[in-house]
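Taking it in order: structure first as structure tokens, then the write-up.
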Amino acid sequence: MTYILPQELKASPWAARTEVAVAAVTSCGAALRALRGAQILATDDGVQLKTNVDLAAEGWVLGLMEASFPNELFLSEERYDNGRAPVLEGARGFWTVDALDGTRSYVDGFDGYCVQVAYIENGVVEVGVIAEPANSTCFVAIRGQGAFALTEGAGARSLKLDPSSAWPAKPRFVDSTLPKGPAGAVFERLGADLLE
């Protein structure tokens, strides 16, 4: 599995962090593909579905990232939900980790799940990395250096926002279920569409 940073990002002072993040999310993505269809233990509180795969994926990503950056802080979904969030007050920087975003899509057999990490420094996202395991693509961005889609074995493609593109008249949520909680309230207030 080879995802290579483009030259534009290799020159960045954030390149080493980004390479570790890419390795963490893409290898986790491969593990998620391998586990698909295996016995999954799940709990559903009516708002969010949680599985043993969520915990395993987070353990994978955090294992590599914490070993690579032992003196840094990590804010991750499962630890946070279990009351083990780090104290971020006064922290200059920290990583955010959601090692299985889209659990319901994952469990229901849809491709709409991903693995994502970001590094935030002084309240600004410096590095963002998202792996989409279903299509073997990893999206990488470094603030001020650009954003790229890395495809396994096929190199990098620069991503540009087309300023002439019209935004949709109303937001579109892409998921296998209607959003609930705060996202559901936004969905209702804006009269959004759901794309399944």
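The values are calculated or read from the model by the stated rules, or taken from the named source; none is laboratory data. Nothing here was measured: the structure is a model prediction, and the numbers come from that model. Please note: Cβ atoms are built from the backbone with ideal geometry, for glycine as well, and neighbour counts cover all protein chains shown. Ligands, DNA and RNA are stripped out before the accessible areas are found, and what is left, the full protein with its side chains, is counted by its heavy atoms. Shrake-Rupley method; radii C 1.70, N 1.55, O 1.52, S 1.80 Å.
Overview of results
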{"item": "Inter-label distance for I40 and S68, nm, one decimal - labels placed 7 Å from Cα along Cα-to-Cβ", "result": "2.6 nm"}
{"item": "Inter-label distance for L194 and A15, nm, one decimal - labels placed 7 Å from Cα along Cα-to-Cβ", "result": "4.6 nm"}
{"item": "Burial ranking of peptide ranges 53-59, 92-98 (average Cβ count within 10 Å, highest at the top)", "result": "53-59, 92-98"}
{"item": "FRET E, pair V124, T2, Förster distance 30 Å, beta-carbon r, rounded to 0.05", "result": "0.50"}
{"item": "Candidate aspartates and glutamates for bridging to K180, where Cα separation is under 19 Å - those fewer than 8 sequence places away on the same chain excluded", "result": "D44, D45, E77, E78, D81, D98, D101, D108, E188, D193, E196"}
{"item": "In Å², nearest 10: area of T51 left accessible to a 1.4 Å probe", "result": "10 Å²"}
{"item": "Separation in nanometres of the label points that stand 7 Å from Cα toward Cβ, at R92 and D162", "result": "4.2 nm"}
